[in-house]
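Heads up, the thing below is written out as structure tokens.
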Amino acid sequence: MRSRWLSSDTQKAAWLPRLASGEILATVAFGEGQGVWFPDDWRLTAAGGISGTKTLVPNAAEADLIVVGVAEGLALVEKGAAYTARRIDSGDRTRPVDTVTFDGAAAELLAGGLPARDRLVDAAAVLLAADAFGGAEHCVTMSVDYARVREQYGQPIAGFQGLRYQLVEMALATEPARGLYWYAAHAWDKLPDKAAHAAAQAKAHLTDTYLQVTRDTVEAHGGIGFTWEHDTHIYMKRAMLDWTWMGSPSRHRLRAADFAGW
């Protein structure tokens, strides 16, 4: 089946009610090859059906609908089309990801073309930044709470100056970054000319911060923090995926610099 354009209203009526009710599950497929995440680098095309591979696709094996980033914009591929999903043995087991190989899969191009494609990529970056901030904030709280109850040498470890400095550094790295994802979300909604730049900055800084804070959280918890079963590892694994998905912080910093005209 040839790829075709549908009207936005037709697509909304066909998919949004079922997605909103939870009747069906959708996912997005952006990554290609080794570290290719940004729309201008996508090589897959919807012409004549999609062929090629997308990597780190969340829950592709379970999804009823995949929104695929292609050279023309975004394309919808329904479950049962010509593709296979192979689960990746990743660190964060709470977010299953797959490698999806398309073999001439039938696709419908989403209305909106390239602008819609770019908007979706920016939205993903903002959401990752928000997730990273929430995770980092929780890690700070978890570390402070633990320091208050864990005792060594007859007193809570919160009284040890070295650990107190570490906890303060974690908090100072996290809390001032709240405005980054707030502003990025506002820009995406109200300031389209600034949205891409703000999204890139937020994703870069907050996913870097989250990963460092989780490392500090493991150290703050001492021996128990290094055990595989402790919650600190859940957050570290999530931080690693946030850092990787949609491109590394360094790539987003370069993207932000390009948008700023540097």
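The values are calculated or read from the model by the stated rules, or taken from the named source; none is laboratory data. Please read these numbers as outputs of a predicted model, since none were measured by experiment. Every residue, glycine among them, receives a Cβ derived from its backbone with ideal geometry; neighbour counts consider all protein chains shown. For accessibility, only protein heavy atoms count, side chains too; no ligands or nucleic acids. Shrake-Rupley method; radii C 1.70, N 1.55, O 1.52, S 1.80 Å.
For the structure I just gave you, tell me whether Leu172 is within 28 Å of Lys203 (Cβ to Cβ) and open to solvent by 20 Å² or more (accessible area, probe 1.4 Å). Against the criterion (within 28 Å of Lys203 (Cβ to Cβ) and open to solvent by 20 Å² or more (accessible area, probe 1.4 Å)), Leu172 qualifies. Please tell me if Ala85 is in a strand (DSSP E or B), among the hydrophobic types (A, V, I, L, M, F, W, C) and free of Cβ contacts under 8 Å to residues at least 40 places away in the same chain. Yes; evaluated as a whole, the condition is true for this residue.
For the stretch 38-71, how many residues meet the condition of being out of contact with any Asp or Glu (no Cβ under 7 Å at 6 or more places or on another chain), small (Gly, Ala, Ser) and either without any contact (Cβ under 8 Å) to a residue 12 or more places away in the chain or more than 27 Å from Ser250 (Cβ to Cβ) (or both)? Matching residues across the stretch 38-71 total 4.
Determine whether Leu76 is out of contact with any Asp or Glu (no Cβ under 6 Å at 6 or more places or on another chain), crowded, with 17+ Cβ neighbours inside 10 Å and of a type in the set (A, V, I, L, M, F, W, C). Judged against the criteria, Leu76 is not a match.
In the set (1) open to solvent by 10 Å² or more (accessible area, probe 1.4 Å); (2) in contact with a helix residue (DSSP H, G or I) (Cβ under 8 Å, 6 or more places away or on another chain), Gly225 fails one condition alone, (1). Just one of (1) open to solvent by 40 Å² or more (accessible area, probe 1.4 Å); (2) modelled with pLDDT under 95 fails for Ala158. It is (1). In this structure, does Thr10 turn out to be in contact with a strand residue (DSSP E or B) (Cβ under 6 Å, 6 or more places away or on another chain), open to solvent by 10 Å² or more (accessible area, probe 1.4 Å) and among the hydroxyl-bearing types (Ser, Thr, Tyr)? Taking the combined requirement at face value, the residue does not satisfy it. Asp92 meets the conditions (1) in contact (Cβ under 8 Å) with a residue 40 or more places away in the chain; (2) over 27 Å from His233 (Cα atoms) in every case but one. The failed one is (2). Say whether the condition of being without any contact (Cβ under 8 Å) to a residue 60 or more places away in the chain, open to solvent by less than 50 Å² (accessible area, probe 1.4 Å) and either among the aromatic types (Phe, Trp, Tyr) or in a loop (DSSP other than H, G, I, E, B) (or both) is met by at least one residue in the stretch 191-200. For the stretch 191-200, residues without any contact (Cβ under 8 Å) to a residue 60 or more places away in the chain, open to solvent by less than 50 Å² (accessible area, probe 1.4 Å) and either among the aromatic types (Phe, Trp, Tyr) or in a loop (DSSP other than H, G, I, E, B) (or both): absent. The residues in the stretch 23-51 that are open to solvent by 60 Å² or more (accessible area, probe 1.4 Å) and more than 24 Å from Phe259 (Cα to Cα) can be counted, and the count is 5.
The numbered conditions (1) under 30 Å from Ala204 (Cα atoms); (2) open to solvent by less than 60 Å² (accessible area, probe 1.4 Å) are all true for Asp64 except (1). Looking across the stretch 93-123, the residues that are assigned to a helix (DSSP H, G or I) and either open to solvent by less than 20 Å² (accessible area, probe 1.4 Å) or not hydrophobic (A, V, I, L, M, F, W, C) (or both) come down to Gly113, Pro115, Arg117, Asp118, Arg119, Val121, Asp122. Of everything in the stretch 232-256, what is in a helix (DSSP H, G or I) and open to solvent by less than 20 Å² (accessible area, probe 1.4 Å)? Give them in sequence order. Matches in the stretch 232-256: Thr232, Ala239, Asp242, Pro249, His252, Ala256.
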